[in-house]
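Here is the structure we will look at, set down as structure tokens.
We did not get these values from a lab; they are worked out from the coordinates using the rules stated. Everything numeric here is computed off the predicted structure, so don't read it as measured data. Glycine also receives a Cβ, built like all others from the backbone with ideal geometry; neighbour counts cover every protein chain displayed.
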Amino acid sequence: MKSFKRGRDGLMTHEEAVSLASDVAAYIRVSTRAQNYATQRDAIERGAKVRGETIERWFEEKRSAKKLDRPVLKDVRELSRRGCLRKLYVFRLDRLARSGIRDMLMVLEELESHGTKIVSVSDGIDLEGPARDVVVSVLAWAAQWEHLAAGERISAARARVEAKGGQWGRPRSVSLADARRAIERRKTGESIRDIARAMKIPRSTVAEVVSDKTSYARMLKKHSA
């Protein structure tokens, strides 16, 4: 079994398409670096085994599904257009698209029109049944609603933490006191390189600290108010 992780844009050459041609493949997508492919991969392997099949190639991508313009998904679609992909397994349909009913139906119809059969191992639906479009539409709507709700929960949690004077996200690499000192030195005309050397702070951090558009600037304004 081979895994495919392409990070570039653009269409593949004929030679690339031939080398990637697969009778049975799987597409796995996660949204963040903190997530991994293990859960989806295990479920797909078991689903394929039940059907008497083996995944010949794995397409893996760490991208949000808010947009269809994703490098690895583009390669999957291109393989399908070239007739080089007979069956594609996914963990759930929202791995392909999570931006709404229209996008999900469009991707499914495009792949199927080129002879690629889609198998979702976790949705538990028949993509060839008479009610297919209705069921897919409901799943797409649910996936989009879940994504929006998650965003609202994150925004509410961030507002709650910051309202209490807390810090959202990863810990800051310098204290507010050091940030103030770096800003004062910068105001005197001292270079970012010299400030970094004197305070033993990475130059990239100093540049972030002295910028008016970063979280450091917002926190300093809040604490000086």
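As an exercise, use a Förster radius of 22 Å and the Cβ-Cβ distance of GLU56 and GLU109 to find the FRET efficiency, rounded to the nearest 0.05.
Details: r = 24 Å, r/R0 = 1.10.
Once the sixth-power term is evaluated, E becomes 0.35.
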query: When the chain is fully extended, how far beyond the present Cα-Cα distance does LYS49 get from THR32, taking 0.36 nm per residue of separation?
result: 3.3 nm
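Count of lysine pairs in the range 41-100 with Cα atoms under 20 Å apart, counting only pairs 8 or more residues apart in sequence or on different chains?
Final tally of qualifying lysine pairs is 4.
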query: Points 7 angstrom from Cα along the Cβ direction at MET199 and LYS187: gap in nanometres?
result: 1.3 nm
